[in-house]
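Worksheet for the structure shown next.
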């Protein structure tokens with residue numbers, strides 16, 4: 001190189017070669033950028049990102065994140081989607097975007113614990129009140145809706161205890177009162193039922209917003225933290241999107257790639273885990289240490305009739321459910337014995353989350369988690385299982401040996 005030639009570093013950064021743009025493969029390409037280049041100042045001023053027609057900054061979207069958002073909206077039957085760094089971030093973003101000081105938010109008493117903590121902590125600090133309603137009593141929800149109620153959170157089924165509410169009646173009540181509804185749709189994942197079309201008639205009744213922990217079934221590997229917010233109402237979507245922008249929320253291109261890669265197999269994984277979970281739940285129900293099985297698809301479980309109404313169809317006459325259920329261990333066995341049972345499992349690992357390939361177990365102290373009475377739950381210790389992709393026979397053998405060690 002002569003003295004007049006560009007320095008090597010400059011030449012490498014501004015190298016003229018551009019790869020052909022007609023490459024096509026099974027997976028969409030991964031675009032990673034903070035800075036987005038504009039051809040000129042006029043192009044910079046004309047760019048618009050709110051409608052996904054162009055790109056302005058990495059935080060506002062790339063081809064990779066736009067692609068994932070569109071596919072997730074389709075999965076849940078929505079029209080718009082936003083990506084956030086976790087499921088809890090989806091919950092927090094919705095509440096912070098749609099609530100203001102003096103508003104009130106209602107949450108089911110069996111809501112995801114961190115959602116309740118958010119209401120009791122940050123939202124309360126901002127002057128936003130909250131109440132808990134009995135998810136199995138629509139009349140209790142109706143009685144607690146006031147002129148100050150701006151948002152109602154819904155879960156189907158509830159966290160840990162897995163009661164399936166009358167979601168149709170809950171949404172109908174809120175719509176009649178003009179209250180926005182948000183469903184934590186992580187369990188349903190867009191596969192068990194359609195949250196924006198609860199009556200399966202094209203959309204005459206549905207929730208307004210869904211929050212979804214993509215950490216679970218959409219990613220499927222137990223190695224990605226991400227969440228989504230899906231809507232069908234453009235003005236509502238824009239309220240949330242602008243708050244999302246102002247809070248600087250974004251996800252990495254590599255994490256988006258991981259979810260995009262897993263999405264094509266979500267149905268196969270979900271139904272396989274559903275099948276195994278039912279088999280194991282039914283077997284556990286016959287064990288003497290277990291006094292109750294909490295699985296929406298099983299006869300006698302709290303809310304089974306509501307699950308059957310919403311999650312069965314001509315295509316799925318046996319209904320659709322996730323690979324998640326809980327059991328209640330007889331109260332005659334103390335916490336020490338329950339802990340020994342969990343510790344004695346060899347294939348089930350002790351850990352939070354679900355939807356990945358490894359089966360998980362977690363004991364819970366239910367009285368410390370609830371504000372309302374739970375007459376639908378038998379006395380004892382609740383243990384939750386998240387079924388992975390191991391052979392169901394191997395998992396059953398593992399449960400049998402741990403039950404023998406802990407309970408005789």
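Okay, here's what the table says:
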quantity	calculated
Evaluation of residue 25 against (1) outside any loop (DSSP other than H, G, I, E, B); (2) at pLDDT below 95 (one fails), failing number	(1)
Failed item, numbered, when residue 140 is tested on (1) within 25 Å of residue 381 (Cα to Cα); (2) part of a helix (DSSP H, G or I)	(1)
Subset tally (residues that are over 12 Å from the mean Cα position of the chain (by Cα) and in a loop (DSSP other than H, G, I, E, B)) for segment 159-190	9
Subset of segment 46-62 [part of a helix (DSSP H, G or I) and either buried (at least 16 other Cβ atoms within 10 Å of the Cβ) or modelled with pLDDT of 95 or more (or both)]	58, 59, 60
Only one of 200, 243, 272 that is assigned by TED's automatic domain parsing to the domain that holds residue 313, more than 17 Å from the chain's Cα centre (by Cα), more than 20 Å from residue 71 (Cβ to Cβ) and touching a residue at least 24 places away in the same chain (Cβ under 8 Å)	272
Residue check for residue 181: buried (at least 16 other Cβ atoms within 10 Å of the Cβ) and touching a residue at least 40 places away in the same chain (Cβ under 8 Å)	no
Residues (touching a residue at least 24 places away in the same chain (Cβ under 8 Å) and assigned to a strand (DSSP E or B)) located in segment 329-361	329, 330, 360, 361
The listed residue being farther than 19 Å from residue 254 by Cα, part of a loop (DSSP other than H, G, I, E, B) and either without any contact (Cβ under 8 Å) to a residue 12 or more places away in the chain or in contact with a helix residue (DSSP H, G or I) (Cβ under 9 Å, 6 or more places away or on another chain) (or both), out of 15, 11	15
Residue, surrounded by the fewest Cβ atoms within 10 Å (Cβ to Cβ), within segment 263-301, restricted to residues that are touching a helix residue (DSSP H, G or I) at 6+ places or on another chain (Cβ under 9 Å) and in a loop (DSSP other than H, G, I, E, B)	288
Set 73, 92: member being more than 21 Å from residue 196 (Cβ to Cβ) and either modelled with pLDDT of 95 or more or surrounded by fewer than 22 Cβ atoms within 10 Å (Cβ to Cβ) (or both)	92
Any chance residue 61 is within 19 Å of the chain's Cα centre (by Cα) and assigned by TED's automatic domain parsing to the domain that holds residue 239	no
Residues of segment 302-328 that turn out to be touching a strand residue (DSSP E or B) at 6+ places or on another chain (Cβ under 7 Å) and outside any loop (DSSP other than H, G, I, E, B), as a count	5
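The values are calculated or read from the model by the stated rules, or taken from the named source; none is laboratory data. Computed from a predicted model, the values in this text were never measured in an experiment. In this analysis, Cβ positions are derived from the backbone assuming ideal geometry, glycine residues included, and neighbour counts consider all displayed protein chains.
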